[in-house]
Amino acid sequence: MNEYDSNRIYDSVKRLGFKKSKDQDNLEDNERYDNVLELLNSIDEYMDRVPGASISDFLEEVSLLTDID
């Protein structure tokens, strides 16, 4: 998948079984779900900020930021 399509990725996440648990005892699954949504939101924000960017561009920037930290 060369072009970023957030709807397609969100659908894939749903198909993989990531979903918010209504069971409050399952905190780890809820945190995992929230982390996936945070990643997808970060990608969406990057794509809005950098028109024509690819997922590879996003990953490169994130990698560079992680190296600085």
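Per-structure values
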quantity	calculated
Which listed residue, of I9, I43, is aliphatic (A, V, I, L, M), modelled with pLDDT of 85 or more and not in a loop (DSSP other than H, G, I, E, B)	I43
E3 vs. criteria at pLDDT 75 or above and either exposed (fewer than 14 other Cβ atoms within 10 Å of the Cβ) or among the β-branched types (V, I, T) (or both)	no
Residues (among the small types (G, A, S) and either surrounded by fewer than 11 Cβ atoms within 10 Å (Cβ to Cβ) or free of Cβ contacts under 8 Å to residues at least 12 places away in the same chain (or both)) located in the stretch 54-63	S56, S63
Pairs, first more than 16 Å from Y10 (Cβ to Cβ) in the stretch 37-50, second assigned to a helix (DSSP H, G or I), C-beta under 8 Å, six or more apart	V50/D57
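The values are calculated or read from the model by the stated rules, or taken from the named source; none is laboratory data. Small disclaimer: the values here were computed from a predicted structure and weren't measured. Backbone-built Cβ (ideal geometry, glycine too); neighbour counts: all protein chains shown.
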